[in-house]
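Take a look at the structure set out below.
The values are calculated or read from the model by the stated rules, or taken from the named source; none is laboratory data. Note that this is a predicted model, so its numbers are computed, not measured. Cβ sites come from the backbone with ideal geometry, for glycine too, and all protein chains shown count toward neighbours.
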Amino acid sequence: MQHFRPIYLAALAYLFLATSAKADEVFSWTYPADSLAQLKGAKTPFVAAAAGKISADWIFIADSFGKIGDPTQAFQRSMDHNRMLLETAAARPDAELSSMLVSDVEDDISIKARYISKVNIVTVSSYSEIGLEVVTMKKGKEIDGYFVGFSPRHLAGNDPMFRFNNPTSPSKGTLPPGRYEMTAILNGKIVQRQEISIGIFGQEGGTVTCLVP
């Protein structure tokens, strides 16, 4: 399904921009019932099964925050983005694009749920975001001066959803648990891309190495 990504990147980016302004105004844990009902009824076995897993993890995440308060804005933005993807996939649940989008959401939501289930300190901030630092390496040596950004996998190739404000090395910040494409940016241009999972199996972010050309 990788060959479908370039075809739909522009359309997905437009959908994200159109919905993100609304998401910034109001956040709701409203269960995406209509979208998931359509996806659970898909004829494609993978889509139907993935929708069931997403449903269970979504409810777990919402219930976990329901006991302590609303998540941070970054976490809210990430979840609203997943909601938008489910709406897009539900419009044509048996299309190959829908399988790709549902897979991305399943991965991201699963990491979030597993991370929250293993957090020792129960607070809004500990559930919502993970501390991370990125070092950039070139030909075996640490090199400075790169800014780093992070986007959901389906937005690979577009401007990062999240950016760390200080350059390497290291560059430090926080991210919601999930799966991302990490980008290294030099002189305003993306020079490297690298897939990364943050918080998988409940692990803290720690230090990540980005190999730059």
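Checking each residue in region 33-55 for being closer than 30 Å to residue 120 by Cβ and either touching a residue at least 40 places away in the same chain (Cβ under 8 Å) or over 20 Å from the mean Cα position of the chain (by Cα) (or both) picks out 50, 53, 54.
Could you please find all residues in region 115-148 being over 22 Å from the mean Cα position of the chain (by Cα) and charged (D, E, K, R)? 138, 139, 141, 142, 144, listed by residue number. Among all residues of region 71-88, there is none that is in the same structural domain as residue 54 (by TED's automatic domain parsing), within 16 Å of residue 55 (Cα to Cα), out of contact with any strand residue (DSSP E or B) (no Cβ under 6 Å at 6 or more places or on another chain) and not in a helix (DSSP H, G or I).
Checked against (1) over 17 Å from the mean Cα position of the chain (by Cα); (2) modelled with pLDDT under 90, residue 23 meets all criteria but (1).
Taking region 129-166 as the range and being touching a residue at least 60 places away in the same chain (Cβ under 8 Å), outside any loop (DSSP other than H, G, I, E, B) and out of contact with any strand residue (DSSP E or B) (no Cβ under 7 Å at 6 or more places or on another chain) as the test, the residues that pass are 138, 154, 155.
Any residue at all in region 183-201 that's of a type in the set (Asp, Glu) and in contact with a Pro (Cβ under 9 Å, 6 or more places away or on another chain)? No, region 183-201 contains no residue that is of a type in the set (Asp, Glu) and in contact with a Pro (Cβ under 9 Å, 6 or more places away or on another chain).
Against the definition (among the charged types (D, E, K, R), in contact (Cβ under 8 Å) with a residue 24 or more places away in the chain and surrounded by 22 or more Cβ atoms within 10 Å (Cβ to Cβ)), how does residue 172 come out, yes or no? It is false that residue 172 is among the charged types (D, E, K, R), in contact (Cβ under 8 Å) with a residue 24 or more places away in the chain and surrounded by 22 or more Cβ atoms within 10 Å (Cβ to Cβ).
Between 119, 102, the distinction of being in the same structural domain as residue 36 (by TED's automatic domain parsing), β-branched (Val, Ile, Thr), under 29 Å from residue 69 (Cα atoms) and surrounded by fewer than 19 Cβ atoms within 10 Å (Cβ to Cβ) belongs to 119 only.
The single condition from (1) over 27 Å from residue 50 (Cβ atoms); (2) at pLDDT below 90 that residue 138 fails is (2).
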